[in-house]
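What follows is one structure encoded as C-alpha cells, with my remarks underneath.
The values are calculated or read from the model by the stated rules, or taken from the named source; none is laboratory data. Only a predicted model underlies this, so the values are computations on that prediction, with no experimental measurement involved. Here Cβ is always computed from backbone atoms with ideal geometry, including for glycine, and neighbour counts include all displayed protein chains. Note: areas computed on protein heavy atoms with side chains; ligands, DNA, RNA excluded. Shrake-Rupley method; radii C 1.70, N 1.55, O 1.52, S 1.80 Å.
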Amino acid sequence: MTKSGQPNSPNAEQALQASLKELADIKFALDQSTIVAITDQRGIINYVNDEFCRISKYSREELLGQDHRIINSGYHSEEFIRDLWTTIAGGNVWKGELRNRAKDGSIYWVDTTIVPFLNSEGKPYQYIAIRHDITQRKLAEEEIRRQAALLDESHDAILVRDLDETIVYWNRGAEVTYGWTADEAIGKDARQLLFDDLPPEFEEAQRELAETGQWRGELNQVTKDGRAIIVESRWTLVHDDKKAPYQKLVVNTDITEEKRLQTELQHAAQLSLVGELAAGLAHEIKNPLAGIQGVVDILLRRRDANDPESEALRGVRNEVDRIDQIVRALLDRARPRVLATQPSSLTEVVRRAVNVARAQIFGRSEGGRIRVQFHPPDDPILLPIDAAQIEDAVLNLIINAIQASEDYGRVDVRILRSPPDETADDLDEVMIEVSDKGPGISEENLSRIFNPFFTTTKGGTGLGLPAVRRIVRAHSGRVGVKSVLGEGSTFTIHLPINDAET
C-alpha cells in the first residue's frame with residue numbers, strides 16, 4: 001500500500017521483485033564461488049553456505065549457533081586474533097589469511113575478508129566473512145620454503161642468474177663462499193661481483209650452455225674481501241613454460257684447498273723423485289770423484305809448488321770439491337730425515353743458526369757490510385722439536401735473506417709469540433721471522449718459490465725453500481711469506497705451542 005492507502009503500483013512491485021532476484025543471483029554466485037559465513041556481533045554463526053560446510057567438513061546443523069573457535073587450528077597467536085577482532089569491532093574491514101582445522105583434523109587455508117554491518121549508531125550488529133580456498137597455494141609456498149631451506153643447508157654456493165647475468169637467487173652457501181649476503185648479491189651482475197677479469201672459460205661456458213643446456217668446469221673467482229678462489233662450477237639452463245630459456249642455475253663448489261693439496265702432493269712427489277735421483281747420483285758420482293781426488297792429490301805432491309801445472313791441478317781439485325759439495329747438498333735437501341724431537345730452547349736453536357750465518361758471511365768480501373741482527377724473546381720458549389732440522393731451516397732462510405740484501409744491508413731475525421686471534425684456529429703459536437730489505441719478490445714468483453728447482457738466485461738449486469717447508473710441516477707448523485717489490489721480504493716460520501712448553 002502507498003501512503004495514500006492505494007495499492008502498490010505494478011512498476012514498484014516489479015522493481016521489488018527484480019531487486020530480490022538480483023540479490024538471490026548475487027547470493028547464488030557467492031555460494032558457488034566463495035566460502036560465506038555470517039555471524040552476529042558476538043561472533044555466533046547464524047549462516048553458512050554449502051562451500052563452508054564442504055571445506056570445514058561440518059554439517060550446517062553442527063556449525064549454526066557455534067563461533068569460529070570450532071575451526072580454530074591454534075596456529076595464529078593471541079595477538080593476531082585480538083587484532084582481527086579489534087579491527088572489525090571498530091567497524092573496519094579486515095583482510096588476511098587464516099589457517100583453519102576441518103572436522104577430520106585436516107588443515108586448510110583461506111584468504112579472508114570480514115565486513116562488519118553497522119547499525120544506525122555505527123556499531124556492528126553482524127559480520128559477513130567471505131573466504132577463498134588457498135590451501136594448494138600455501139602448500140606450494142611451504143614446499144618452496146622447504147626446498148629453499150634445503151638449498152641453504154648445502155655447503156655449495158647455489159645461485160640463479162637471468163640471461164643478463166643478474167643474480168636473482170643466492171643461498172646461504174654462496175654467502176659463506178663469497179662473503180656477500182643475499183641482500184648484497186641479489187640484483188648485481190655476477191660478472192662484476194665474482195670476477196676481477198672474466199676468464200676465457202666464461203665465454204666458452206656461455207656458448208656450451210646455449211648449445212647443450214649444461215656446462216661444467218673450473219673458474220677462478222674472487223670473494224668480497226678480494227681473496228682468490230677456485231670453484232668447480234656446474235651451469236644448467238632453465239626454461240619457462242614455453243620452453244624458452246630464461247634463467248641459469250649455477251652450483252659452485254670451492255675447491256681452492258683441494259687444488260692446493262693436489263699441488264703439494266705433486267711437489268712431494270717431485271721431492272721424492274729428487275731423493276731417489278740424488279741417492280743414485282751419490283752412488284754413481286761420489287766413488288769416481290774420490291778416485292779423481294786421489295789422483296790429483298798424488299800429482300800435486302809430485303810437483304813443486306812453483307810448477308805451472310800445479311795451479312791447473314789445484315783448479316781441478318777445487319772443482320772436484322765443489323761437485324762433491326753439490327751432491328751432498330742435494331742429498332741433504334731432497335731426502336727427508338726422521339724427526340728426533342726433544343724439548344729444546346728455541347732461542348738457542350735460532351741463535352746458533354744466526355751465528356753460523358754470521359760466520360759464513362764473515363769470510364766474504366762483502367761480509368762486513370751485511371749485518372744479521374738477532375732479536376730474542378724476553379722469556380725462554382721450550383718446544384719439542386728436532387733442534388738440528390729447525391736450525392737448518394732457519395739458517396736456510398737467513399742465507400737467502402743475505403743473498404737478497406744489497407751492500408750494507410741488514411737481516412733481522414726475531415722470535416715472538418703470535419696473538420691467538422691472529423693464528424689459524426685460534427691456536428697459540430711462536431713465530432720465527434727472517435726479514436730483509438732486498439728487492440722483494442714479484443707476485444708471480446711468490447706463488448712458485450716453494451716449488452722444487454725454482455730459484456731466482458744465481459747459482460741456486462731451488463731446493464732450500466721446499467726443504468724448509470717440509471721441515472716445518474713435519475713439526476705441525478707452517479711457513480708464510482710477505483714481500484713488497486723494492487722494500488724487501490719477510491719469511492715466517494709458525495710453530496704450535498703445546499703442553500711441552502715451560
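With a Förster radius of 56 Å applied to the C-beta separation of GLN293 and GLU201, the computed FRET efficiency comes to 0.50. Overall, the range 37-122 carries a charge dipole of about 180 debye about its Cα centre when +1 sits on the Cβ of Lys and Arg and -1 on the Cβ of Asp and Glu, all other atoms neutral.
Here's how it looks for ASN49: its modeled amide H is under 5 Å from those of VAL36, which are all 5 or more places away or on a different chain. Bridging of LYS243 to aspartates and glutamates at a Cα separation below 20 Å is possible for ASP162, ASP164, GLU165, GLU208, GLU211, once same-chain residues fewer than 8 apart are set aside. The residues of the range 146-256 present an accessible area of 57 Å² per residue when probed at 1.4 Å with all protein chains retained. The alpha-carbon of LYS437 sits under 17 angstrom from the alpha-carbons of these aspartates and glutamates, leaving out residues fewer than 8 places away in its chain: GLU366, GLU406, ASP407, ASP412, GLU487. Accessible surface calculations at 1.4 Å, restricted to protein heavy atoms, place the range 68-112 at 60 Å² per residue. A simple rule links phi to the HN-Hα coupling: the Karplus curve 6.51 cos²θ - 1.76 cosθ + 1.60 with θ = phi - 60°, which for the range 378-392 gives 5, 10, x, 10, 10, 10, x, 9, 8, 4, 5, 6, 5, 4, 4 Hz, with x for Gly and Pro. The value obtained for the range 66-167, namely the Cα convex hull volume divided by the number of residues, is 171 Å³ per residue.
With the cut-off at 28 Å, tell me which of the pairs LYS259/LYS482; LYS57/LYS138; LYS57/LYS123; LYS57/LYS242; LYS138/LYS248 have Cα atoms farther apart than that. Those over the limit are LYS57/LYS123; LYS57/LYS242.
Working from label points 7 Å from Cα in the Cα-to-Cβ sense, the GLU309 to LYS123 distance is 13.7 nm. Computing FRET efficiency as 1/(1 + (r/R0)^6) for THR236 and SER447, where r is the C-beta to C-beta distance and R0 is 35 Å, gives about 0.60. For LYS21, a cut-off of 27 angstrom between C-alpha atoms picks up these lysines, skipping any fewer than 8 places away in its own chain: LYS3. A simple spin-label model places the labels of SER106 and ASN318 10.1 nm from each other, with each point 7 Å out along Cα-to-Cβ.
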